[in-house]
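FYI, it's all coordinate maths here, none of it is from the lab. Not measured: the values here are computed from a predicted model. Virtual Cβ from ideal backbone geometry, glycine too; neighbours counted across all protein chains shown.
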Amino acid sequence: MRLKQLIWLLCAGLSLAAAPAGSASSSGSDRKVYEWQDEQGVTHYGDRIPPEYATQEHRVINGHGIEIEHTDAQKTPDQVADEDQKRADAAQRASRDKNLLASYVSVQEIEHLRDQRIALLSDQIKVTGQFLDTLNKKMTGLRGASARFKPYSSDPNAPPMTDQLAEDLVRVSSDIITQEENLREKRSEAAAMSRQFDSDISRFKELKGIH
């Protein structure tokens with residue numbers, strides 16, 4: 001007989017011995033014993049669970065030594081949040097699989113759409129790059145022109161920079177910053193799109209059993 005069963009029988013026997021004759025508790029088949037563990041992992045048995053262990057994992061054993069109830073430990077907020085996130089991720093994957101199978105009939109169809117969209121982004125990147133080159137050339141000319149004026153000229157008699165030239169320098173500089181950011185975003189978008197299509201193709205093959 002296992003050690004746990006011996007301990008349970010001892011617990012049940014003591015309780016039955018202490019119970020009044022003819023009471024409901026005197027029936028072994030009606031007897032319930034709770035089993036739980038403390039912080040050190042030591043197993044305990046008793047008629048009830050101490051309040052400090054009520055939220056921890058425990059089980060209930062009937063008069064025949066059979067487990068009739070099992071209660072898992074109460075989850076922490078972090079554990080609940082983690083399980084919620086896993087369920088949300090699983091639902092998202094299932095939705096993605098459904099959309100893949102509903103949207104495409106072949107790998108070639110996905111590749112064709114990928115090539116179209118990547119080509120469109122590539123054209124946008126090219127146009128943005130050309131515009132940025134034009135702006136940089138314009139800025140080079142403006143800086144050359146500003147060298148004849150204070151405070152950029154070393155000539156003490158140099159005239160102050162005109163308002164128009166100062167405004168052009170500020171505007172073109174701002175345009176360059178904007179277009180550089182646009183170029184970075186377009187390149188990042190193209191890379192992300194390529195990765196997404198690669199992932200979709202790989203998953204589509206898995207769902208269709210294509211090797």
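Tabulated results
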read-out	value
Selection status of ARG96, exposed (fewer than 12 other Cβ atoms within 10 Å of the Cβ), under 32 Å from the mean Cα position of the chain (by Cα) and not hydroxyl-bearing (Ser, Thr, Tyr)	no
Some residue of segment 95-113 being of a type outside the set (A, V, I, L, M, F, W, C) and more than 26 Å from LEU207 (Cβ to Cβ)	no
Filter result (out of contact with any helix residue (DSSP H, G or I) (no Cβ under 8 Å at 6 or more places or on another chain) and among the small types (Gly, Ala, Ser)) within segment 44-59	ALA54
Test: residue in segment 185-207 that is of a type in the set (Val, Ile, Thr), in a helix (DSSP H, G or I) and loosely packed, with under 15 Cβ neighbours inside 10 Å	no
Qualifying residue in segment 60-69 (condition: surrounded by 12 or more Cβ atoms within 10 Å (Cβ to Cβ) and within 30 Å of GLU180 (Cβ to Cβ))	no
Members of segment 150-191 that are closer than 21 Å to GLN124 by Cβ and either touching an Asp or Glu at 6+ places or on another chain (Cβ under 7 Å) or of a type in the set (Val, Ile, Thr) (or both)	ILE176, ILE177, THR178
Candidate set: segment 157-184, residues that are surrounded by fewer than 16 Cβ atoms within 10 Å (Cβ to Cβ) and among the β-branched types (Val, Ile, Thr); chosen: the one nearest to VAL107 (Cα to Cα)	THR178
